[in-house]
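Trainee: Take a look at this one; I'll ask things after.
The values are calculated or read from the model by the stated rules, or taken from the named source; none is laboratory data. Since we're looking at a predicted model, the values are computed, not measured. All Cβ positions, glycine included, derive from the backbone under ideal geometry; neighbour counts span all protein chains shown.
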Amino acid sequence: MPRRYLDRRAEAEIEAMLAAEQQAATEGAAERPADQRQSSGATKRVGSGRRAAGDWQGLVEQRIQEGMEQGLFDNLRGAGQPLNLDEDRFVPDDMRMAFRMLRSSGLAPLWVDMNKEIREDIARMHRFRAHVHSQWTRISSIEREHRRDEYVQRVKEINSKILSYNIIAPSSSVHIGLLLLDEELGKFDRPDQPA
């Protein structure tokens, strides 16, 4: 049977079960005295006939259990098999096979390698700044200016790599923000402040 037909059939059966339960609940509520209707936790309603928030969880669990007992979840595609969590949902469909081949060969896509390289460059830049700060009182102002220029050059190179990376990264959720030169120079120029 086509999958769509099975899905529609299952949805129809679930809707029929919901309708039958709702009808039984309303008939049962009408037969009970008013004081018992209020204390029953089976179908709490809030305001204009809506269910209270806590009731939905129990209802969903009950529906799932009834569906299991009726066999609605038998013979589902992939039943009994582990989930394949290796698929990258951010990779375009036409690139998935290439990415799978790279992964099986122990390689990573270019953007993953670039991300790693950028993170290493940033860590190296922080170590350079810490090293300069450790020698701050022993070096001349001219040497400080040379090291400051070198620091500015490192920030610019990292920002250039970040721009290239953000162009090829498959999703904006993995993009890296640019380093702000003024902020980085503020950290460089204040050796007494923690980074």
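Trainee: Looking at the range 173-184, which of its residues are outside any helix (DSSP H, G or I) and more than 20 Å from the chain's Cα centre (by Cα)?
Mentor: Leu178, Leu179, Leu180
Trainee: Can you tell me how many residues in the range 137-172 are part of a helix (DSSP H, G or I), among the polar types (S, T, N, Q) and surrounded by fewer than 11 Cβ atoms within 10 Å (Cβ to Cβ)?
Mentor: The number of residues fulfilling the criteria is 3.
Trainee: Looking only at helices (runs of 4 or more DSSP H) that lie completely in the range 39-136, which have at least 2 residues being at pLDDT below 80 and in the same structural domain as Ser173 (by TED's automatic domain parsing)?
Mentor: Filter on the range 39-136 gives 96-104.
Trainee: Quick test for you: out of Leu107, Leu83, Leu76, pick the one residue that is exposed (fewer than 13 other Cβ atoms within 10 Å of the Cβ), under 30 Å from Ile14 (Cα atoms) and under 25 Å from the mean Cα position of the chain (by Cα).
Mentor: Every option except Leu83 fails the conditions.
Trainee: Give the residues of the range 107-132 that are free of Cβ contacts under 8 Å to residues at least 60 places away in the same chain and either over 26 Å from Leu163 (Cα atoms) or among the aliphatic types (A, V, I, L, M) (or both), sorted by residue number.
Mentor: Selection gives Leu107, Ala108, Leu110, Val112, Met114, Ile118, Ile122, Ala123, Met125, His131, Val132.
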